[in-house]
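Q: Please see the structure below; I have some questions.
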């Protein structure tokens, strides 16, 4: 797919990044040269087809070039989060058996290099920027990115080799948290990613028209959503990718870059909505009135209760308020696609009222990750996640679980046959396995998926990151001061916890609430030191009593009943996010 676009676009700008205050581009042709050179260099280092290469980098042009270069060498990309701890890196290196790692900066090398010391299979560290490690691990050789991409490059020879790559071949391992705690490597094959890309193209071509598309990349490229939707989808469209400078500069970058499509998570929309509303409220008068009318008209439209006398005001809004808001988003936005976490319908309604097409999608890493997406021709309904993508089958199991089938379904979890068998259910018709998503829902009268609950026991924060609560809870209860714990934070910006103090360990403090709070805080701090950013506990409350079978907060097998505990403490836990 990439090489086809290179032949078509040649010297057209492809990847953009900002240096010294100016945007600079790498063309399709130059990117292909670097991809071919990196692939050749990896082979000369001794890497063989099927070898895994770990990629630890923030979003930048080198990220996508590395991803494509690894695959072009016949190897398998293992992208990992920049927020990973040394222990996280150790697990992924050991589980994947990665032969090499590519790391971008000195900061990221600090947590990665110590993990390589314990990785028996990893023999090469490739640094994109200059890094100083103090002491090089004997187990691995250091190489510099600039040397590897400046080597011999034969794009024609690469094209000939790529002709032998099959859609079923493994492309990458993307690690996602499981309910058991340790991240599992989802085996994504080339066809899985291409299936997703083809479905996304179908939406753009049919509902919006396909032109010179411009993307602004800022979600972690190691996340399956950004990997497929924000990196390979733009390639499929022959588009351009601008890499945002930072989250703080995102609003300014949007105005500069003027993207046509943005792949985002709900948290960003919530932040932008709050910012817009705050500004309008500050302006008061006419702007506040126009916003109120825009929301009123969109609410009626959503409820199918539009009235003819709203049409003149709707037209006025399009050339006043909506035009001004659209300008803040660059003025040529075709669609903003929300995924990774559930979108509050009120937020979707707001942006629709502002004249910005808002499409909520649904998926998971095990499905490439896109399963469905709202689209104008099917009627956008904010309470749904739209109809299934092109060539994607969805059925609802007897217990309400959403089941998915098609080329988008993974081949399984890397070296984890038991978990693979649990979620991949063989069909009698021989048309492929059904993926048990762990989500509960139904299809509405127009074939759109409505998600009502989640069977799988994972916390998905407001940025779309998956966190295994059992892992964090297990670490908390290893502390002598903590008897029991429940982590909380679904659709929230961070995690909080409900803690049960150990009555024996803290016996002397039972009548001193402040001392009890301090002791538990120290225990939480010790655990946080070993957790990644998204797993850290920011605040906690102390439970009124221990969890037990008698108060129905524990099952007979001593597992916590989250819904029962949530019903008892939910209001107090929610209050922790307001402090």
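Q: Considering every residue within segment 438-454, establish whether at least one is surrounded by 18 or more Cβ atoms within 10 Å (Cβ to Cβ) and free of Cβ contacts under 8 Å to residues at least 12 places away in the same chain.
A: No, segment 438-454 contains no residue that is surrounded by 18 or more Cβ atoms within 10 Å (Cβ to Cβ) and free of Cβ contacts under 8 Å to residues at least 12 places away in the same chain.
Q: To continue, here is another question. Does residue 27 satisfy the condition of being at negative phi, in contact with a strand residue (DSSP E or B) (Cβ under 7 Å, 6 or more places away or on another chain), surrounded by 22 or more Cβ atoms within 10 Å (Cβ to Cβ) and assigned by TED's automatic domain parsing to the domain that holds residue 168?
A: Working: at negative phi: yes; in contact with a strand residue (DSSP E or B) (Cβ under 7 Å, 6 or more places away or on another chain): yes; surrounded by 22 or more Cβ atoms within 10 Å (Cβ to Cβ): no; assigned by TED's automatic domain parsing to the domain that holds residue 168: yes.
Judged against the criteria, residue 27 is not a match.
Q: Right, here's the next one. Give the residues of segment 78-92 that are touching a helix residue (DSSP H, G or I) at 6+ places or on another chain (Cβ under 8 Å) and crowded, with 24+ Cβ neighbours inside 10 Å, sorted by residue number.
A: Once the filter is applied, which keeps residues that are touching a helix residue (DSSP H, G or I) at 6+ places or on another chain (Cβ under 8 Å) and crowded, with 24+ Cβ neighbours inside 10 Å, segment 78-92 yields 78, 79, 80, 89.
Q: Residues in segment 300-312 that are at pLDDT 85 or above and surrounded by 15 or more Cβ atoms within 10 Å (Cβ to Cβ): how many?
A: Adding up the residues that qualify gives 1.
Q: Separate question: If you scan segment 121-143, which residues turn out to be at pLDDT 80 or above and either buried (at least 19 other Cβ atoms within 10 Å of the Cβ) or more than 20 Å from residue 62 (Cα to Cα) (or both)?
A: Within segment 121-143, 121, 122, 123, 124, 125, 126, 127, 128, 131, 140, 141 qualify.
So that you can scan it fast, the table gives a plain yes or no per residue for (1) in the same structural domain as residue 543 (by TED's automatic domain parsing); (2) modelled with pLDDT of 90 or more; (3) closer than 18 Å to residue 371 by Cβ:
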site: 444; (1), (2), (3): no, yes, yes
site: 450; (1), (2), (3): no, yes, yes
site: 461; (1), (2), (3): no, no, no
site: 474; (1), (2), (3): yes, no, no
site: 485; (1), (2), (3): yes, yes, no
site: 494; (1), (2), (3): yes, yes, no
site: 501; (1), (2), (3): yes, yes, no
site: 505; (1), (2), (3): yes, no, no
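Q: Ok, one more. What about residue 531, is it under 37 Å from the mean Cα position of the chain (by Cα) and assigned to a loop (DSSP other than H, G, I, E, B)?
A: yes
Q: Considering only segment 503-523, I want to know if a residue exists there that is surrounded by fewer than 18 Cβ atoms within 10 Å (Cβ to Cβ) and under 29 Å from the mean Cα position of the chain (by Cα).
A: No, that holds for no residue.
Q: Is it the case that some residue within segment 289-306 is under 23 Å from the mean Cα position of the chain (by Cα), over 30 Å from residue 367 (Cα atoms), without any contact (Cβ under 8 Å) to a residue 12 or more places away in the chain and not assigned by TED's automatic domain parsing to the domain that holds residue 175?
A: No, every residue in segment 289-306 fails to be under 23 Å from the mean Cα position of the chain (by Cα), over 30 Å from residue 367 (Cα atoms), without any contact (Cβ under 8 Å) to a residue 12 or more places away in the chain and not assigned by TED's automatic domain parsing to the domain that holds residue 175.
Q: I would also like to ask the following. If only one of 247, 216, 237 is under 25 Å from residue 342 (Cα atoms) and free of Cβ contacts under 8 Å to residues at least 40 places away in the same chain, which one is it?
A: Details: 216 fails: free of Cβ contacts under 8 Å to residues at least 40 places away in the same chain; 237 fails: under 25 Å from residue 342 (Cα atoms).
Criteria check complete, one pass: 247.
Q: Next up: Can you find a residue that is surrounded by 12 or more Cβ atoms within 10 Å (Cβ to Cβ), modelled with pLDDT of 95 or more and within 28 Å of the chain's Cα centre (by Cα) anywhere in segment 562-572?
A: No, that holds for no residue.
Q: Please enumerate the residues belonging to segment 504-523 that are more than 16 Å from residue 546 (Cβ to Cβ) and not in a helix (DSSP H, G or I).
A: 511, 512
Q: Just to be sure I understand, how many residues within segment 169-200 are modelled with pLDDT under 95, surrounded by fewer than 22 Cβ atoms within 10 Å (Cβ to Cβ) and not in a loop (DSSP other than H, G, I, E, B)?
A: Matching residues across segment 169-200 total 1.
Q: Collect the residues in segment 346-359 that are touching a helix residue (DSSP H, G or I) at 6+ places or on another chain (Cβ under 6 Å) and either closer than 19 Å to residue 463 by Cβ or touching a residue at least 40 places away in the same chain (Cβ under 8 Å) (or both), keeping them in residue-number order. If you could, list the steps in order and put the result at the bottom.
A: Here is the first cut: in segment 346-359, the ones touching a helix residue (DSSP H, G or I) at 6+ places or on another chain (Cβ under 6 Å) are 347, 349-350, 352-355, 358.
Passing the criteria: 347, 349, 350, 352, 353, 354, 358.
Q: Given the conditions (1) surrounded by 21 or more Cβ atoms within 10 Å (Cβ to Cβ); (2) under 27 Å from the mean Cα position of the chain (by Cα); (3) more than 17 Å from residue 108 (Cβ to Cβ), report the number of the one that residue 54 does not fulfil.
A: Checking residue 54 against (1) surrounded by 21 or more Cβ atoms within 10 Å (Cβ to Cβ); (2) under 27 Å from the mean Cα position of the chain (by Cα); (3) more than 17 Å from residue 108 (Cβ to Cβ), the one that fails is (3).
Q: Give me the pairs: first residue in segment 409-420 and over 9 Å from residue 433 (Cβ atoms), second residue part of a loop (DSSP other than H, G, I, E, B), beta-carbon distance under 6 Å, and six or more apart or on different chains, which are they?
A: Matching pairs, first to second residue: 420/412.
The values are calculated or read from the model by the stated rules, or taken from the named source; none is laboratory data. None of these values were measured; they are calculated from a predicted model. A quick note on method: Cβ atoms are made from the backbone with ideal geometry, for glycine too, and the neighbour counts reach across all protein chains shown.
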